[in-house]
1. Among the residues of segment 196-230 satisfying the criterion of being polar (S, T, N, Q) and touching a helix residue (DSSP H, G or I) at 6+ places or on another chain (Cβ under 9 Å), which is surrounded by the fewest Cβ atoms within 10 Å (Cβ to Cβ)?
2. Could you check, for segment 163-182, whether at least one of its residues is closer than 30 Å to S24 by Cβ, surrounded by 13 or more Cβ atoms within 10 Å (Cβ to Cβ) and within 20 Å of the chain's Cα centre (by Cα)?
3. Name the single residue that is surrounded by the fewest Cβ atoms within 10 Å (Cβ to Cβ) among those in segment 135-158 being assigned to a helix (DSSP H, G or I) and in contact with a Ser or Thr (Cβ under 9 Å, 6 or more places away or on another chain).
4. Out of D97, D111, I need the residue that is over 22 Å from the mean Cα position of the chain (by Cα), modelled with pLDDT of 95 or more and outside the structural domain of A186 (by TED's automatic domain parsing). Which one?
5. Could you look through segment 227-242, keep only residues that are within 19 Å of the chain's Cα centre (by Cα) and aliphatic (A, V, I, L, M), and pick out the one that is nearest to G175 (Cα to Cα)?
6. If you scan segment 82-122, which residues turn out to be in a loop (DSSP other than H, G, I, E, B), touching a residue at least 24 places away in the same chain (Cβ under 8 Å) and within 23 Å of R176 (Cβ to Cβ)?
7. Let me confirm something: among A45, A79, which residue is surrounded by 18 or more Cβ atoms within 10 Å (Cβ to Cβ), in contact with a Pro (Cβ under 7 Å, 6 or more places away or on another chain), closer than 30 Å to E153 by Cβ and not polar (S, T, N, Q)?
Amino acid sequence: MITLLTDFGTQDSYVGVMKGVILSSCPDTPIIDLSHEIPPQNVDAGSFTWLEACAYFPKTTLHVGVVDPGVGSRRKILALQNKVGLFLAPDNGLLTDVIKQWGCLNLHSVDNSELFLNPVSSTFHGRDIFSPVAAQIASGLPLNRLGPQLNLEDIELLPDVMTSASEESLGWVQGRIRRVDRFGNAISDLQLSPSDSISQIQISSLKLPSLRNLYSEVGPGEPLALIGSSGFLEISVSGGSAAERYQIEVGDPLRVKKGNRADSPDNATPEK
């Protein structure tokens with residue numbers, strides 16, 4: 001199985017052409033469109049999307065990511081294997097969350113030009129390099145046939161991702177918003193459990209005293225914090241958009257205080 005993650009959108013033929021190249025070599029391989037709506041050239045958003053999604057696929061899956069503002073440059077193309085699958089990505093930090101969460105068992109640079117389409121376009125490596133290489137990997141080609149082995153010190157990682165969630169004094173944990181979904185839910189990089197004791201969540205002008213389990217636990221238009229389906233803390237508004245109402249943007253910091261609700265002076269009602 002191959003998944004595709006790109007910033008190509010679906011208006012143009014780019015995604016379809018990539019699939020055509022893959023299926024020309026391995027016509028029986030299932031291809032899953034993970035997302036093609038990553039904001040253009042937003043490597044951080046692509047990295048987080050993989051973090052949210054990849055654990056739900058078979059461990060034999062090849063995840064192909066083409067969010068590649070450096071296409072045509074001297075940046076490397078990487079093939080990585082870890083405990084949740086195989087990954088093919090440009091060396092621009094797209095693999096950061098995958099490595100941070102699940103580590104790295106095997107890492108190679110994709111240098112074997114015999115695997116590429118000829119000629120190679122300087123603007124469409126998704127078609128000419130990623131797709132034919134993905135087809136070969138899906139057909140059983142070992143990673144060591146792609147190019148030399150690398151160490152993690154040899155590749156680019158996103159520094160903000162590696163350090164974004166941090167412990168503060170007096171029980172506070174700080175993270176940041178990594179994604180705003182189409183419903184306006186602001187999804188952070190803080191992984192919490194519904195059983196965690198939380199006394200306050202702060203972001204922008206909003207302070208919330210505790211976690212909720214369901215959107216319906218508050219009235220229409222009311223804010224809440226809950227653990228989303230992928231295990232990350234999100235800020236929401238029942239029946240509305242938290243991002244619009246509180247002007248929350250990707251990258252905004254948020255803070256969570258762990259402890260009993262009774263420890264917080266704001267445990268009665270949210271400040272809006």
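The values are calculated or read from the model by the stated rules, or taken from the named source; none is laboratory data. Treat the numbers as computed from the prediction; the structure is a model and nothing was measured. Cβ placement follows ideal geometry from the backbone for every residue including glycine, while neighbour counts extend to all protein chains displayed.
1. S229
2. no
3. D154
4. Within the list D97, D111, the selection yields D111.
5. Checked segment 227-242; the qualifying residue nearest to G175 (Cα to Cα) is L233.
6. Correct list: N92, G93, L94, L95.
7. A45
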